[in-house]
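Below is one structure, written out as C-alpha cells; comments come after it.
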Amino acid sequence: MIWDRWKNSVRTGTQPQPLKPFEDLIEEAPVIAMLIDRDQRVVAANEAARRYFDVDPARLPASLVEVTLEGNLVGALRAGVPEGEKQLVHRRRIVTSKLVPGPRAGETLMFLTDVTDLRRLERVRREFVANLVHELKTPITSLRLTAESLLLEPAARDRARFAGRLVREADLMSRIIDNLRQLAELESGVLTVQPSGFDVVELIEELRPRAGDTHPLRLDAPESLHVTTDRAKLAQAIGNLLDNAAKFSPAGSAIDMRVERVDEAVRIGVRDRGPGISPEHWQRVFERFYKVDRARPREAGGFGLGLAITKHLVQALGGKVWTEAAGEGGQVFTIELPSHALTAP
C-alpha cells in the first residue's frame, strides 16, 4: 500500500499524503508490534500482536500487563534495554524483544518475535551432539582398551575373549551408524514407500518372537484386518515397539497388544509392564538418543534411537504414534494409520 502510494506520487509528480506512522507502516508487518505510551499503556497493536495476545482493539488503550498478561514484558519496558529475550510465563513461550522510540515523545514501539521453536531446535541439536558423543565414546574406549590388552600378547584363552569383545563393540558402533543413516533418510523425506495389501494381524503374529522368550505376548485383535501400506516399514515400527516393551518389562511379565478399528482408522497398541514414564517425557521419548533413565545400562536400555525411527517410519506411512500411561501400570505406545490404509480382504 505504501509502495503503491510512493510510485503513484512519482508518476504524477505530486507529493504523497502524510502517512500514519503506526497503522500504515506496522499493521501488516510479520512481527508482533505494540505502540506504548509514557504511562505504559498499549495504545495500538498490529494484526500480529492482536492475534498473538488475543487483543480486542476496542479495549485499547490499556495497560501492557492487562493486554499481554505478561509481567516480564513490563519489566523489559521499564528496564529500557533495547534488545533482549524473555520467557512468557502465561503462554509458556519465548520471545525476543526490541524497543525503539515511538513517533511521539514518550512513546515506545515494542517488537516481539516468537523464538520458542528455534530455541527448542537448538536444544535438541545440542543434546543430540552430546548424546552421540556419549554413545560412541563408550564403545571406542572399550575398543582401545581391548586393543591395548592384545598388544601385551596375552594367553591364547584371553586373546579369544578380547577378540570377541572387539567384534561386539564394532557391531555396536555399526548398529548406531546404521540407525543414524536410516534416521537421516527418513528425516530427509526421500525414503520410498512401497505399499502392498496384507493382513496386519498375520504380520503381528510373525513379529511375536520380538517380545522375547521371557515375555508372553497377549494379542487382542480381530480375526483379520487388511491394510494397504508399506509392510516392511510397518513391521519395523511395530518390532521396535515390541523391543522397547521387552526391555522395560520385568522378566516373566506379559506384553499386551491390541489391534482395532477406530473411526475408520487402524490402531496398534503395545503395552509394557515397566515402571512407566512421567508425562513430561511423553513427547521427548521420540527424540534421538533421548533416555528417561540415563543411569540405565546401555545394554538394557538401547541407544535411544528405536522410538525416533518408529516415529519417522509411521509418519512416512501417513500415520502418527504416541504414548500414554496404561490404566493398570506400565506404558502404552500406539500407532495409528489413516483410514485410507484400510482395505477389504
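Since every read-out is calculated from the coordinates, none of them should be taken as a lab result. All values derive from a computational prediction rather than experimental measurement. So basically every Cβ, Gly included, is an ideal-geometry build from the backbone, and we count neighbours across all protein chains shown.
In this calculation the C-beta distance from residue 122 to residue 155 is compared with R0 = 51 Å, giving a FRET efficiency of 0.50.
Database remark: amide H of residue 88 closer than 5 angstrom to the amide H of 93, 94, 95 (H placed geometrically; neighbours at sequence offset of 5 or more, or on other chains; Pro and chain starts carry no H).
Annotation: amide H-H contacts under 5 Å for residue 305 (H modelled 1.01 Å from N, sequence separation of 5 or more, or interchain): 289. In whole angstrom, how far apart do the alpha carbon centroids of segment 98-144 and segment 145-203 sit? Cα centres, segment 98-144 to segment 145-203: 32 Å.
The HN-Hα couplings worked out from phi for segment 32-46 by the Karplus form 6.51 cos²θ - 1.76 cosθ + 1.60 (θ = phi - 60°) are 5, 9, 9, 9, 10, 8, 5, 8, 6, 9, 7, 9, 7, 9, 6 Hz, whole numbers, x standing for Gly and Pro. Packing order of peptides 97-107, 26-36, highest average first: 26-36, 97-107 (average count of other Cβ atoms within 10 Å over each peptide's residues).
Amide H contacts of residue 219 (H built 1.01 Å from N, in plane; Pro and chain starts excluded): 257 sit under 5 Å, all sequence-distant by 5 or more or on other chains. In this entry, segment 210-345 is assigned a mean projected area of 8.3 nm², taken as a quarter of its C-alpha convex hull surface. Computed over the alpha-carbon atoms, segment 118-188 gives an Rg to Rh ratio of 1.18, Rh here being the Kirkwood radius from the mean inverse distance. The charge dipole of segment 195-341, taken about its Cα centre with unit charges on the Cβ atoms of Lys, Arg (+1), Asp and Glu (-1) only, comes to about 640 debye. Positive end of the dipole of the chain (Cβ unit charges, origin at the Cα centre): among 88, 342, 310, the Cα lying farthest that way belongs to 88. Between residue 140 and residue 220, the modelled label-to-label distance comes to 4.7 nm, taking each label 7 Å out from Cα in the direction of the beta carbon. Simple rule: put +1 on each Lys or Arg Cβ and -1 on each Asp or Glu Cβ in the chain, find the dipole, and look at 325, 289, 162; the Cα lying farthest toward the positive end is 162. How far is it, in nm, from the label point at residue 281 to the one at residue 263 when both lie 7 Å from their Cα along the line to the Cβ? Going by the 7 Å Cα→Cβ label model, 2.9 nm. Across segment 232-239, computed HN-Hα scalar couplings (Karplus, 6.51 cos²θ - 1.76 cosθ + 1.60, θ = phi - 60°) run 5, 6, 5, 4, 5, 5, 5, x Hz from first to last residue, x flagging Gly and Pro. Across segment 88-103, rounded Karplus estimates of 3J(HN,Hα) from the backbone phi angles (6.51 cos²θ - 1.76 cosθ + 1.60, θ = phi - 60°) give 8, 6, 5, 9, 6, 10, 10, 10, 9, 10, 9, 10, 9, x, x, x Hz, Gly and Pro being marked x. Could you state, as a whole-number percent, how many of the C-alpha pairs of the chain are farther apart than 34 Å? Pairs farther apart than 34 Å: 52 percent. Of the cross-linked pairs 247/311; 86/291; 137/233; 137/320; 247/291; 86/311, which ones have a Cα-Cα span greater than 22 Å in the structure shown? The answer is 86/291; 137/233; 137/320; 86/311. In this Cβ point-charge picture (+1 for Lys and Arg, -1 for Asp and Glu), the chain has a dipole of about 1040 debye about its Cα centre. Spin-label model, residue 92/residue 115: points 7 Å from Cα along the beta carbon direction are separated by 2.2 nm. The dipole here belongs to segment 98-240: it is taken about the Cα centre, uses +1 on the Cβ of Lys and Arg and -1 on the Cβ of Asp and Glu, and is about 720 debye.
Taking 0.36 nm per residue of separation and subtracting the current Cα-Cα distance, fully stretching the chain between residue 27 and residue 199 would add 56.3 nm.
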